[in-house]
Amino acid sequence: MMKGEWRRGPAWHALFAIFAIALLCGSFAAGYGLTELIFARTGHPSEMRAHVASGFIGILLALAIGEAIHLAAYGNHHAWGRRLWAEAIDAFDRIARGDFDVFIQTGKYGHVNELIEKINKMASELGSMEHLRREFISNVSHEIQSPLTSIRGFAELLKNDDLSSERKNHYLDVIETESLRLSTLSDNLLKLSALDTGRDSLSPQEYRLDRQIENIALTMEPQWRAKNLQVEAELDKLSISGNPDMLSQVWINLLHNAVKFTEPGGKILIVLSDAGENICCRVSDTGVGISADDAPHVFERFYKADKARDRALGGNGLGLSIARKIVELHGGRIELESSPGEGSTFSVHLPRLHSV
């Protein structure tokens with residue numbers, strides 16, 4: 001057997017695999033040590049950022065060392081190594097400071113270009129996540145600040161001993177309403193957190209979906225009767241395997257929105273039908289409707305098509321986000337059809353089981 005042939009045989013591949021594993025382990029260990037030294041001077045970031053930064057520099061160390069070894073046999077590795085190392089250190093330093101606008105130019109580092117593209121993609125996705133995180137915190141802070149301001153202001157007014165009983169009761173009603181709004185916001189945030197992290201197990205069970213929707217509509221009767229709304233239901237007798245508590249939240253949120261945004265004397269229609277591969281539930285109203293510009297965003301967290309109106313009615317822009325998340329966890333989808341002044345129809349499609 002010739003020497004070149006032995007190198008391409010099983011023994012050579014085994015030695016190469018051992019070397020590659022050792023190189024990766026050493027690089028990640030060095031990456032962890034280097035990040036700790038840097039954070040000792042700059043301050044330790046969040047745990048997520050620390051793990052990302054450590055892994056990022058570990059990958060770059062492995063790439064730089066591996067390519068340097070490869071090029072050592074062919075020459076011209078010194079200039080290449082210096083360029084890659086300088087770009088890697090700069091990229092790592094920016095990520096450690098929370099700047100994810102990082103891009104390492106591809107096309108000049110040989111066979112490691114694909115991995116560099118993955119690193120660029122990772123930095124881009126981390127930047128998107130950071131943007132969403134900041135926007136989420138800003139929205140939560142804004143939603144909390146509004147009711148707190150009202151509670152603080154009316155609590156201050158209650159200190160006036162000259163207030164009439166009627167005025168005091170009015171102020172107390174406002175405080176109670178705003179406190180309930182804060183409580184609802186907190187509950188919704190906890191629900192979204194549980195759904196996002198998967199802490200709430202689906203734990204499906206088979207039950208009659210038509211009965212659940214009918215019971216929820218009857219439970220909300222005081223709300224739609226107070227606005228003199230006509231509510232009709234056409235419910236096929238259908239069963240589904242799902243989480244009853246989660247799905248009940250979907251119907252509550254959709255009906256609550258329909259009641260809230262339908263003018264007095266309007267109409268709400270609930271239709272549950274067998275749609276072949278799926279079970280379809282449609283909740284239609286004759287309310288104010290949603291514009292074409294707003295429609296694609298209504299399922300986004302904290303998004304409000306009419307912010308002033310929605311705030312006056314006590315909304316926080318999380319109900320439809322929760323509904324979509326629950327429907328998706330059940331393998332379904334939720335869609336919207338709407339036009340300004342012509343009402344809205346929310347359609348929920350869930351995997352079909354069987355009718356009874």
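Rounded to the nearest 0.05, the FRET efficiency derived from the C-beta distance between residue 300 and residue 274 at R0 = 30 Å is 0.45.
Applying 1/(1 + (r/R0)^6) with R0 = 30 Å to the Cβ-Cβ distance of residue 228 and residue 173, what FRET efficiency is obtained, to the nearest 0.05? In this case the efficiency is close to 0.80. Computed packing ranks the peptides 243-253, 284-294 as 243-253, 284-294, most packed first, by mean other Cβ atoms within 10 Å. The length gained by stretching the chain between residue 118 and residue 190 to full extension, at 0.36 nm per residue less their Cα-Cα distance, is 22.6 nm.
Peptides 275-283, 151-159 ranked from most to least packed give 275-283, 151-159, packing being the mean of other C-beta atoms within 10 angstrom over each peptide's residues. Efficiency by 1/(1 + (r/R0)^6): what FRET value for residue 89 and residue 333, r their Cβ-Cβ distance, R0 = 45 Å, to the nearest 0.05? Calculated transfer efficiency: 0.50. Computed 3J(HN,Hα) for region 265-278, one whole-Hz value per residue from the Karplus formula 6.51 cos²θ - 1.76 cosθ + 1.60 where θ = phi - 60°, is x, x, 9, 10, 10, 10, 10, 10, 9, 7, 10, x, 6, 10, glycine and proline marked x.
Since every read-out is calculated from the coordinates, none of them should be taken as a lab result. Bear in mind that the values here come from a model prediction, so they are computed numbers and not experimental data. Counting neighbours? That spans all protein chains shown, and the Cβs are built from the backbone with ideal geometry, glycine included.
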